[in-house]
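The values are calculated or read from the model by the stated rules, or taken from the named source; none is laboratory data. This is a predicted model, so every value here is computed, not measured. Cβ: placed from backbone, ideal geometry, glycine included. Neighbour counts: every protein chain shown. Areas reflect the complete protein model, heavy atoms only, side chains present, ligands, DNA and RNA absent. Shrake-Rupley method; radii C 1.70, N 1.55, O 1.52, S 1.80 Å.
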Number of protein chains: 2
Amino acid sequence: MEKNVKVSILCEIYGKLLTEKQLEVLNDYYNNDLSLSEIAENNHITRQAVRDIIKKGENKLFELEEKLLFMEKKMEQEKLLQDVLNELSKLQDTSSDKKVEKILDHVRKELSCLV
Amino acid sequence: MEKNVKVSILCEIYGKLLTEKQLEVLNDYYNNDLSLSEIAENNHITRQAVRDIIKKGENKLFELEEKLLFMEKKMEQEKLLQDVLNELSKLQDTSSDKKVEKILDHVRKELSCLV
């Protein structure tokens, strides 16, 4: 997985455990594609200070994931659910029973919320 | 939810972010039903010190859940999956198609891993 994608996902999961500034800078750098210079200018700090905030924030996120593994579990779960959705889709394609179709439709909608 | 059940679940989710001693004492108190006195004796500390470790550990767990809501999300998800499993079970009961039965059986097994 690319680093920027990974950091974005980790921010979504653990962002509330970062400081407000760390989350803001990581977001600007990885999601809004701002350069170190732009972030430095916006925050009236040096580029090195921006670099330090990013490094510290990333390290905190990686450390949390190493201990709690929520991203890993979430991705495994999404893969499994996608597999289940595909199976149910196959089932729906072959069934002509209206009642069965209705239940499958409901179930697939519910599961889609988790992917 | 009863407090001891809640603390046990939170320990499972966030335990790795507690100190080793906090996790051990919370586990002894809530899961192994040891008294404050027994834990104090085993650890050569006072009952008050045990109380402090428990309080600090619990506060850390509650604070993490307040920010990350993993327990809440996990329980909502389990409820939804249980609902889906019940729906699929109904479907399986009404179907006589062997192929359909096989797919449903596979799908239900996969989803059961997540509950």
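When the criteria are applied in full, residue A:54 meets the requirement of being surrounded by 15 or more Cβ atoms within 10 Å (Cβ to Cβ) and farther than 30 Å from residue B:94 by Cα. Checked against the criterion of being within 29 Å of residue B:66 (Cα to Cα) and among the acidic types (Asp, Glu), the range A:1-14 contains one or more residues that satisfy it. Looking only at residues in the range B:100-109 that are facing chain A (nearest Cβ under 7 Å) and surrounded by 14 or more Cβ atoms within 10 Å (Cβ to Cβ), the one that is nearest to residue B:11 (Cα to Cα) is B:107. Residue-level check: of (1) at pLDDT below 85; (2) more than 10 Å from every other protein chain (Cβ to nearest Cβ), residue B:97 misses just (2). Scanning the range A:31-57 for residues that are without any contact (Cβ under 8 Å) to a residue 12 or more places away in the chain and assigned to a helix (DSSP H, G or I) gives A:37, A:38, A:40, A:41, A:47, A:48, A:49, A:52, A:55. Scanning the range A:58-87 for residues that are free of Cβ contacts under 8 Å to residues at least 24 places away in the same chain, more than 8 Å from chain B (Cβ to nearest Cβ) and acidic (Asp, Glu) yields A:63, A:66, A:72, A:76. Residue under question is residue A:21, and the condition is that it be farther than 24 Å from residue B:62 by Cβ, surrounded by 12 or more Cβ atoms within 10 Å (Cβ to Cβ), among the charged types (D, E, K, R) and within 14 Å of the chain's Cα centre (by Cα); does it hold? It is false that residue A:21 is farther than 24 Å from residue B:62 by Cβ, surrounded by 12 or more Cβ atoms within 10 Å (Cβ to Cβ), among the charged types (D, E, K, R) and within 14 Å of the chain's Cα centre (by Cα). The residue that is nearest to residue B:34 (Cα to Cα), counting only those in the range B:1-21 that are within 13 Å of another protein chain (Cβ to nearest Cβ) and not charged (D, E, K, R), is B:11.
Pairs are defined by a Cβ separation below 8 Å, a sequence spacing of at least 6 or placement on different chains, a first member in the range B:90-105 that is over 20 Å from residue A:83 (Cα atoms), and a second member that is part of a helix (DSSP H, G or I) and open to solvent by 100 Å² or more (accessible area, probe 1.4 Å); the pairs so defined are B:94/A:99. Residue B:54 - would you say it is closer than 25 Å to residue A:64 by Cβ and within 14 Å of the chain's Cα centre (by Cα)? Spelling it out, it is not the case that residue B:54 is closer than 25 Å to residue A:64 by Cβ and within 14 Å of the chain's Cα centre (by Cα). Quick check on the range A:23-30. Is at least one of its residues in a helix (DSSP H, G or I), within 19 Å of residue B:71 (Cα to Cα), more than 11 Å from chain B (Cβ to nearest Cβ) and not charged (D, E, K, R)? No, the range A:23-30 has no match at all. Scoring residue A:64 on the criteria (1) open to solvent by 30 Å² or more (accessible area, probe 1.4 Å); (2) at negative phi leaves a single failure, condition (1).
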